[in-house]
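In what follows, a single structure is set out as structure tokens and then discussed.
The values are calculated or read from the model by the stated rules, or taken from the named source; none is laboratory data. What you are looking at is a predicted structure, and each value in this text was computed from that prediction instead of being measured. All Cβ positions, glycine included, derive from the backbone under ideal geometry; neighbour counts span all protein chains shown.
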Amino acid sequence: MSTDKAGPEPSFRSDVTVELVKHSASDSDVLWAARVSTAGEQSLEELTKDPERSRGLINYLMRDRHGSPFEHNSMTFFVSAPIFVFREFMRHRVGWSYNEESGRYRELLPVFYVPGEDRRLVQQGRPGKYEFVHGTAEQHATVTAAMEDSYRRSYAAYQEMLAAGIAREVARATLPVGLFSSMYATCNARSLMHFLGLRTQHEDAKVPSFPQREIEMVGEQMEEHWRTLMPLTHAAFGANGRVAP
């Protein structure tokens, strides 16, 4: 098959983006749920008039792993990342809802992932006890050239099939997992904490995690949005070893 079919020029990215598109999430949601038996229908002002008491209750719930009060909130993110990141996301099923753009219904744009210079390329050590280290300039050049060449060829083949009248759902099979996709992802604080415990590395974590860097980049941005929305809950998460309740 010829690969000289004209089409949009491929572009290459080393970043991911996360946008908080809507939310109903605050520390008061946790307080309301936790005090259902004692507070009744107290106002927000009544619930939060004693900040230290609120901080102490949230920390107690986190420490003793009373998890359900952290579920009464919602955050929806719009994520743009390579397809292989979304395949890892789909392992997180409890407390998450996803809608990813479909290559059956739209022509996919040629935006592809190429690691940045700060991305560690070389794996050292045995399975279960390994680390990633920075590659040489020559290794980075090899990765960049090989990926960009592969992406250009695969997208040219995709365009050629579309031009020949092949259905999008068939033609897309030639595209690699380095292609950027986008999705809406909705979760609550408890499910997000489970995600962060596995998909980010942090010095405060009681349980070590070894995430792939690209999904960690997504997790870091989600965490920053969440920290702003629920600062007491986020602080309790960190103070208790970043273990989800």
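List of remarks:
- The residues on offer are 190, 91, and the sole one that is surrounded by fewer than 17 Cβ atoms within 10 Å (Cβ to Cβ), within 30 Å of residue 75 (Cα to Cα) and under 23 Å from the mean Cα position of the chain (by Cα) is 91.
- Test: residue 223 is of a type in the set (D, E, K, R) and not in a loop (DSSP other than H, G, I, E, B): yes
- Residues that are touching a Phe, Trp or Tyr at 6+ places or on another chain (Cβ under 8 Å) and of a type in the set (Val, Ile, Thr) are absent from segment 149-169.
- Restricting 161, 147 to residues that are within 25 Å of the chain's Cα centre (by Cα) and in a helix (DSSP H, G or I) narrows the list to 147.
- Whichever residue in segment 155-181 is β-branched (Val, Ile, Thr) and without any contact (Cβ under 8 Å) to a residue 60 or more places away in the chain and, among such residues, is surrounded by the most Cβ atoms within 10 Å (Cβ to Cβ): 174
- For segment 139-154, a residue qualifies if it is under 14 Å from residue 113 (Cβ atoms) and either exposed (fewer than 13 other Cβ atoms within 10 Å of the Cβ) or modelled with pLDDT under 95 (or both), and exactly one does: 146.
- A residue that is assigned to a loop (DSSP other than H, G, I, E, B), surrounded by 11 or more Cβ atoms within 10 Å (Cβ to Cβ) and among the hydroxyl-bearing types (Ser, Thr, Tyr) cannot be found anywhere in segment 121-138.
- In segment 113-144, residue nearest to residue 211 (Cα to Cα) [restricted to those that are more than 24 Å from the chain's Cα centre (by Cα) and small (Gly, Ala, Ser)]: 125
- Selection count, segment 193-222, where residues are within 20 Å of residue 123 (Cα to Cα), of a type in the set (Lys, Arg) and over 12 Å from the mean Cα position of the chain (by Cα): 0
- Near pairs, Cβ below 9 angstrom, 6+ apart or cross-chain, from segment 216-230 (free of Cβ contacts under 8 Å to residues at least 40 places away in the same chain and within 13 Å of residue 195 (Cβ to Cβ)) to any residue that is buried (at least 17 other Cβ atoms within 10 Å of the Cβ) and among the charged types (D, E, K, R): 216/199; 219/199
- Some residue of segment 196-215 being modelled with pLDDT of 95 or more and in a strand (DSSP E or B): no
Residues checked against (1) among the hydroxyl-bearing types (Ser, Thr, Tyr); (2) loosely packed, with under 15 Cβ neighbours inside 10 Å:
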{"position": "212", "(1), (2)": "no, yes"}
{"position": "218", "(1), (2)": "no, no"}
{"position": "228", "(1), (2)": "yes, yes"}
{"position": "233", "(1), (2)": "yes, no"}
{"position": "236", "(1), (2)": "no, no"}
